[in-house]
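One structure is given here, and the rest of the page talks about it.
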Amino acid sequence: MPTIDPTAFSTALLAWYDDHHRDLPWRVSPRDRAAGRKPDPYRVWLSEVMLQQTTVAAVKAYFETFTRRWPQIANLAQAPESDVLSAWAGLGYYARARNLHACARTVHAAYGDRFPETAAALKALPGVGDYTSAAIAAIAFDEPAAVVDGNVERVITRLIALETPLPRAKPQIRHQAEQLTPDHRPGDFAQAMMDLGAMICTPRRPACGICPVDVFCTATRTAKAERFPIKEKKKPIPERSGAAFVAFRRDGAVFLRQRPGSGMLGGMSEPPSTDWSARTDGATGRDAAPFSADWQQAGTIEHGFTHFRLTLEVWRADDVAEAAVGGRVAGWWSGPDQIDGEALPTVMKKVLKAATRGRSEASRRRKT
DNA sequence: TATACGTGGCA
DNA sequence: TTGCCAAGTAT
């Protein structure tokens with residue numbers, strides 16, 4: 001395996017970063033950083049958690065909303081969990097939001113609103129793992145921690161043309177990352193590796209012709225860089241199905257309930273729904289309704305999750321009286337002014353949209 | 001070590 | 001349309 005000179009590598013990468021870095025809302029530019037401005041650990045942590053498995057484009061608006069509503073960690077710690085979940089709605093991986101809130105409370109109560117400053121201590125916090133602890137330690141506290149995310153995995157497997165498939169290659173990648181991480185500007189180095197992965201060393205059609213570290217790269221010389229990283233084959237994604245029941249009160253309010261606090265969409269809101277079982281034996285039809293009403297078919301929706309595809313029958317009932325629910329289901333009525341503030345995951349927004357479309361069509365038919 | 005856990009964009 | 005991908009963590 002070819003050896004890379006770490007000093008020469010980080011010098012070349014950081015010089016490129018100084019000129020070509022992305023400006024992002026949670027970042028301190030290398031110029032400001034050199035002038036002594038330190039990143040706010042709260043904003044670094046919040047952005048890193050949001051960015052877990054999530055694109056920069058999707059995160060920007062949420063980061064803006066969160067930092068405006070909760071400017072400091074104490075504000076976030078004092079917020080009800082339901083407020084955090086509803087603000088997170090649409091961003092996905094909702095355990096992140098529950099852990100975010102738990103982490104804020106821990107830092108508030110146990111650390112006096114100050115984040116611990118080492119990767120080892122950060123890693124003990126909820127929702128902070130190998131990657132995030134290293135990123136916060138490097139970016140906010142100048143610890144030369146090896147920051148290994150998907151970008152770094154891609155860059156390093158190409159640098160050394162690593163034929164070992166992921167995830168088996170992770171230990172080798174980590175070792176190489178530790179070799180390359182400099183004591184000087186470790187935070188900028190981590191962000192530079194990610195910018196390189198995002199702008200030059202991209203998953204498809206990498207721009208090797210303008211790469212600032214191409215002289216260190218084996219893949220660009222001996223083969224197509226795009227071959228790397230090599231990955232194990234994925235299993236096929238199964239299908240599941242179920243039914244959702246959207247009850248409208250006469251004033252247009254919708255009946256919602258809260259999902260269990262852990263597991264799929266944990267703690268989020270939904271119209272009452274069946275479990276999601278294998279496609280063949282999914283409980284469907286109006287017999288599965290949570291309470292009696294004049295249930296009408298409102299079509300089906302499809303939604304792709306990470307590990308299964310879901311088809312949901314949508315049922316709708318109009319002019320439902322509160323007495324019809326009769327305490328059979330724990331939940332609440334959400335009026336038109338409240339619905340936008342509910343913690344509705346995207347799949348449930350699709351359900352409500354299908355039901356609302358059916359309701360407005362039925363309403364038009366009644367009028368004509 | 002393998003699996004559960006969301007969503008939106010792109011080819 | 002389908003599959004892959006994007007700054008991972010918890011169990």
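Go through the stretch A:133-157 and report how many residues are crowded, with 23+ Cβ neighbours inside 10 Å and within 17 Å of A:Tyr42 (Cβ to Cβ).
Residues meeting the conditions: 6.
Within the stretch A:159-167, can one find any residue that is farther than 19 Å from A:Pro6 by Cβ, more than 24 Å from the chain's Cα centre (by Cα) and within 15 Å of DNA strand C (Cβ to nearest atom)? So that I can check it myself, show each step before the final result.
Just the residues of the stretch A:159-167 that are farther than 19 Å from A:Pro6 by Cβ, to begin with: A:163-167.
Keeping just the survivors that are more than 24 Å from the chain's Cα centre (by Cα) gives A:163-165.
Next, from what is left, pick out any that are within 15 Å of DNA strand C (Cβ to nearest atom): A:165.
Yes, because at least one residue in the stretch A:159-167 is farther than 19 Å from A:Pro6 by Cβ, more than 24 Å from the chain's Cα centre (by Cα) and within 15 Å of DNA strand C (Cβ to nearest atom).
Mind checking which residues of the stretch A:18-31 are part of a helix (DSSP H, G or I) and touching a Phe, Trp or Tyr at 6+ places or on another chain (Cβ under 8 Å)?
Going through the stretch A:18-31, the residues part of a helix (DSSP H, G or I) turn out to be A:18-20, A:30-31.
Correct list: A:Pro30 only.
What pairs come up if the first residue lies in the stretch A:270-283 and is closer than 15 Å to A:Phe308 by Cα, the second is at pLDDT 90 or above and in a helix (DSSP H, G or I), and their beta carbons are under 7 Å apart, counting only those six or more places apart or on different chains?
The qualifying pairs do not exist here.
Among the residues of the stretch A:200-221, are any within 23 Å of the chain's Cα centre (by Cα), surrounded by fewer than 19 Cβ atoms within 10 Å (Cβ to Cβ) and basic (Lys, Arg)?
yes
When you go through (1) surrounded by fewer than 20 Cβ atoms within 10 Å (Cβ to Cβ); (2) not in a helix (DSSP H, G or I) one by one for A:Ala110, which number turns out not to apply?
(2)
Taking A:Pro272 as the residue in question, decide whether it is away from DNA strand B (no atom under 16 Å from the Cβ) and either under 30 Å from the mean Cα position of the chain (by Cα) or at pLDDT 95 or above (or both).
yes
Mind checking which residues of the stretch A:32-56 are assigned to a loop (DSSP other than H, G, I, E, B), surrounded by fewer than 15 Cβ atoms within 10 Å (Cβ to Cβ) and either away from DNA strand B (no atom under 16 Å from the Cβ) or not assigned by TED's automatic domain parsing to the domain that holds A:Ala140 (or both)?
Listed by number, the residues that qualify are A:Ala35, A:Gly36, A:Arg37, A:Lys38.
Please indicate, with yes or no, whether at least one residue in the stretch A:93-106 is of a type outside the set (Ser, Thr, Tyr), surrounded by 15 or more Cβ atoms within 10 Å (Cβ to Cβ) and not in a helix (DSSP H, G or I).
No - not one qualifying residue is present in the stretch A:93-106.
The values are calculated or read from the model by the stated rules, or taken from the named source; none is laboratory data. Given the structure is predicted, the values throughout are model-derived calculations rather than measurements. In this analysis, Cβ positions are derived from the backbone assuming ideal geometry, glycine residues included, and neighbour counts consider all displayed protein chains.
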